[in-house]
Amino acid sequence: MAKKLLITGAGGQIGSELTLAFRKIYGNENVVATDLNPVFSAEITEGGPTDRLDVLDRTKLETLIDKYQIDGIIHLAALLSAVGEKNPQLAWDVNINGTMNVLEVSREKGIKRILIPSSIAVFGPTTPIENTPQDTILQPSTMYGVTKVAGELLGDYYVQKYGMDVRGLRYPGIISHETLPGGGTTDYAVAIFYDAVKHGKYECFLKEDTKLPMMYMPDCLKATTDLFAADFDKLKHHAGFNVGAFSITPKELTESIKKFIPNFEITYKPDFRQAIADSWPNSIDDSAAREEWGWKPQYDLDAMTEDMLHAIGEKHKKGLI
Ligand code: NAD
Ligand code: AKB
């Protein structure tokens, strides 16, 4: 079992909270937060080690592994779907070459456990859209999806070829209130809450009936730390576990927000992200994750909405947003 962890891309939407979740379990001093742009919250900076790391800089990765005696890596650094479509070459470079650096350096240095998140973006227009199976067609239509499929295949290859312990899970859209999302297609489901609290209205870049799988951050943190801790011998899959929580359309999310802010108004102005969303599943079959490492989400739509509106409302009252 790995004891000293390094997290790449730790300043992002997920890393900014996942770092603290891992520190709670493994100890503050034992989780090193790194990012290309190492601007972390005070809680992360004051609580434990931080460093600058560009995942394309293999030498620096080696140096940090030696410096902190790292034996586990959570590799979050990536470009997401919408920013990836604006700069596909950079998305390929960071997502593929960054992942190869992490895997190769891990192989050379005998890293005990590596977790690399994947995404529902591995699926595409030819994938069954409802209750998308664990093992199914992976023919994505975005560069982000292409890199995530390759990342899963590489992870599984390193397990088979070198006997390494590489794991990953296909996150749905993650909804949270600490750090803003970094440029994905599911970002509307975060932006809608900020605009609901601040302005009472929101202009959505997806159509009202676009159904996508989503998950609230506390469930994302639990899924990730649970998979990282799971017994290797019980895993039949490795680098790409489906994990589901709830599936929603912008219209359904609006109805949920209206239970708390009755006058909330939404308008729709779909842009290039609509085609990306249309290529992704409506819902996910996560029975393999449930069977192999006990996955079970806790938040449904209304529980998430209530929590999000409360947290963002508090930020608004304090003048932070
Ligand atoms: P994010 O965009 O919020 O954060 C990514 C971080 O990576 C940023 O802090 C950025 O500075 C950093 N980064 C970019 N290039 C880098 C480089 N060359 N070297 C080091 N760091 C670099 O992303 P996120 O939402 O926190 O996603 C984390 C992981 O989870 C990614 O692999 C992503 O594909 C996956 N994921 C996220 C979601 C979601 O809804 N947030 C859904 C599915 C999968
Ligand atoms: C995105 O929309 O790109 C991400 C994801 C589902 O991978 N949130």
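With springs only between Cα atoms under 10 Å, which of GLU255, GLU46, GLU208 fluctuates most in a Gaussian network model of the chain? Result for the chain, Cα springs under 10 Å: GLU46 fluctuates most. Of the beta bridges in the chain, as assigned by DSSP with both residues counted there, near 10 percent are antiparallel.
So which residue, out of ASP209, ASP187, ASP156, gets the largest mean-square fluctuation from a GNM of the chain using Cα contacts under 10 Å as springs? Ranking ASP209, ASP187, ASP156 by mean-square fluctuation puts ASP209 first. Put simply, the C-alpha atoms of segment 131-285 give a gyration tensor, and the ellipsoid matching it has half-axes of 32, 17, 13 Å, longest first. Listed by chain and number, the lysines whose C-alpha is less than 17 Å from the C-alpha of LYS211, apart from same-chain residues fewer than 8 away, are LYS251, LYS269. Stretching the chain fully between PHE260 and ASP278 yields a gain of 3.6 nm (0.36 nm per residue, less the alpha carbon separation). Hey, which lysines would be in cross-link range of LYS234, C-alpha to C-alpha under 28 Å, not counting anything within fewer than 8 residues on its own chain? Filter leaves LYS3, LYS4, LYS24, LYS109, LYS112, LYS148, LYS161, LYS222, LYS296.
Every helix of 4 or more DSSP H residues in the chain counts as -39500 (n - 2.57), and over all residues that averages to -12500 deg cm²/dmol at 222 nm.
Based on the convex hull around the alpha carbon atoms, segment 104-144 presents an average projected area of 4.1 nm². All Cα-Cα separations within segment 85-161 were binned at 5 Å from zero, giving a P(r) of 3, 15, 24, 22, 16, 13, 6, 2, 0, each value a whole percent of the pairs. For TYR171, the residues whose modelled amide H falls within less than 5 Å of its own, excluding neighbours fewer than 5 places apart on the same chain, are SER118, SER119, ILE120. Both radii were evaluated on the Cα set of segment 4-163; the Rg over Rh quotient, with Rh as the Kirkwood radius, amounts to 0.98. Taking 0.36 nm per residue of sequence separation and removing the Cα-Cα distance, the LEU180/GLN69 pair yields an extension gain of 36.8 nm. Largest first, the extents of the alpha carbon coordinates of the chain on the three principal axes equal 57, 46, 37 Å.
Values in this text are rule-based calculations from the coordinates and carry no lab data. Just so we're clear, the structure is a prediction, and the values are computed from it rather than from any experiment.
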